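See structure below.
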Amino acid sequence: MVLVDIRETKSVKASDIFLQIRPGKDFEVITILRALVKEQPVDESQVQETGLTLEQLQDFVDRMKKAKFGVFFFGMGLSMTRGKHMNSAALLTLAAELNAFTKFVAMPMRGHGNVTGADVIMRWQTGYPFAIQFGRGYPRYNPGEFSTVDLLVRGDVDAALILGADPGATMPQPAIDHLARIPTICLDPKVTHTSRLSRVHITTAATGISAPGTGYRMDEVPLPLRPALKSPYPTDEQVVRRIHEAVLKKPDWLQQGNRMALNQV
Amino acid sequence: MSLNIVNNATCTFCGCVCDDIELHADEERIIEAKKACVLGKAWFLNHTAERLYPEALIDGKEATVDEAVEFAAELLDAATTPLVYGMSNITCEAQREAVGLAERLGGVVDSHTSL
């Protein structure tokens with residue numbers, strides 16, 4: 001196991017090789033690796049910027065090419081530092097390019113229970129995994145433009161439905177401030193930080209504990225949930241369906257067409 | 001008091017989604033979560049079937065689910081670009097409903113993946 005990080009973490013003990021890179025140089029490291037995979041010349045000064053030596057990087061590339069089946073596990077250290085989505089995109093490209101030599105995949109490390117399910121469901125229904133805009137009546141995908149933190153910090157949305165999350169406790173302050181400014185609706189088994197800044201809170205049954213359904217494991221294996229308790233509250237599924245039904249009784253904005261122009265941003 | 005034992009229960013606390021947990025529960029709470037890790041045990045033992053919270057709140061005041069659903073639909077329908085966000089600690093069935101709602105609203109749908 002090769003561990004790449006900006007500092008020595010507890011995972012170092014479990015790893016065979018630890019590559020300590022300079023903070024904010026993820027994109028540079030991945031790009032150099034891509035060049036080495038294709039046997040392209042690499043500038044020594046660019047290698048120095050990364051905090052690693054050319055020997056270390058070349059050794060890493062040789063190991064990856066020799067592997068029978070390689071996996072990149074990546075987390076928010078990659079996607080939330082300088083470069084953001086471009087870092088993730090670069091890593092996915094590196095994994096794709098390594099398939100010219102061996103089997104290689106990239107898998108995001110998941111913090112929350114069924115975030116993998118969210119990817120799978122959104123891909124199934126819209127063709128895209130997250131950050132999807134329906135403002136033109138068809139799905140458009142653009143992380144950085146339609147991703148939640150960016151939308152909230154820029155103030156691009158004027159209402160929010162939050163379910164299975166507590167952004168009021170975890171997001172950057174400007175994003176939380178915007179959630180508090182706009183009408184926010186929160187569905188959660190508990191009254192959370194987000195509930196307190198919301199105009200509407202609805203208590204729901206806890207997923208997998210008192211709400212049945214399906215959840216996806218990180219490697220995209222769907223698993224049935226087996227609740228042990230009966231909740232006095234409705235499930236998220238039931239509440240969202242009821243909100244959807246109530247919205248369906250109102251005139252369809254797309255048919256009216258008049259709000260189309262507003263969404264053509 | 002009857003003890004309900006669930007074999008091969010699925011833990012949705014983190015992305016590992018272990019599916020070999022043995023849960024011992026009475027009517028109101030899970031008493032034991034065998035084979036679960038520290039995080040999983042806390043997850044299972046922390047959620048109960050008690051009525052600890054009001055069923056709904058509107059502007060901080062207690063309300064019925066009917067009222068809250070109706071008001072939520074009004075707020076979302078009135079918005080130009082509503083955001084549907086989170087989706088991580090809910091079932092796939094609920095996620096499907098949420099994507100359908102976002103499409104109808106002409107809004108944005110996003111999950112923790114964007115973080």
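The values are calculated or read from the model by the stated rules, or taken from the named source; none is laboratory data. Nothing here was measured: the structure is a model prediction, and the numbers come from that model. Ideal geometry is used to build each Cβ from the backbone, glycine not excepted, and the neighbour counts take in all protein chains shown.
Remarks
- Evaluation of A:Pro251 against (1) part of a loop (DSSP other than H, G, I, E, B); (2) more than 8 Å from every other protein chain (Cβ to nearest Cβ); (3) closer than 20 Å to B:Leu75 by Cα; (4) under 22 Å from the mean Cα position of the chain (by Cα) (one fails), failing number: (4)
- Listed by position, the helices (runs of 4 or more DSSP H) contained in the range A:82-173 that have at least 3 residues being facing chain B (nearest Cβ under 9 Å) are A:115-126, A:148-154.
- Single residue of the range B:20-43 satisfying the filter (buried (at least 18 other Cβ atoms within 10 Å of the Cβ) and in contact with a Leu (Cβ under 7 Å, 6 or more places away or on another chain)) that is nearest to A:Val221 (Cα to Cα): B:Ala33
- Restricted to the range A:205-231, and to residues there that are touching a residue at least 40 places away in the same chain (Cβ under 8 Å) and part of a strand (DSSP E or B), the residue that is farthest from B:Pro54 (Cα to Cα) is A:Pro222.
- Residues satisfying the stated conditions in the range A:50-78, i.e. of a type in the set (Ser, Thr, Tyr) and touching a residue at least 24 places away in the same chain (Cβ under 8 Å): A:Thr50
- Single residue of B:Val17, B:Val6, B:Val69 found to be assigned to a strand (DSSP E or B), facing chain A (nearest Cβ under 9 Å) and surrounded by 15 or more Cβ atoms within 10 Å (Cβ to Cβ): B:Val6
- A:Leu187 being more than 7 Å from chain B (Cβ to nearest Cβ) and either buried (at least 19 other Cβ atoms within 10 Å of the Cβ) or touching a Cys at 6+ places or on another chain (Cβ under 7 Å) (or both): yes
- Unmet requirement for B:Met87, which otherwise passes all of (1) facing chain A (nearest Cβ under 7 Å); (2) within 25 Å of A:Phe130 (Cα to Cα); (3) modelled with pLDDT of 95 or more: (3)
- Within this structure, B:Ala63 fails the test of being of a type in the set (Gly, Ala, Ser), out of contact with any helix residue (DSSP H, G or I) (no Cβ under 7 Å at 6 or more places or on another chain) and within 23 Å of A:Pro143 (Cβ to Cβ).
- Where a residue in the range A:133-144 is on the phi < 0 side of the Ramachandran plot and its partner, wherever it lies, is surrounded by 15 or more Cβ atoms within 10 Å (Cβ to Cβ) and of a type in the set (S, T, N, Q), with Cβ under 7 Å and at least six apart: A:Gly135/A:Asn263; A:Gly135/B:Thr81; A:Arg136/A:Asn263; A:Pro139/A:Thr126; A:Arg140/A:Gln133; A:Pro143/B:Ser114
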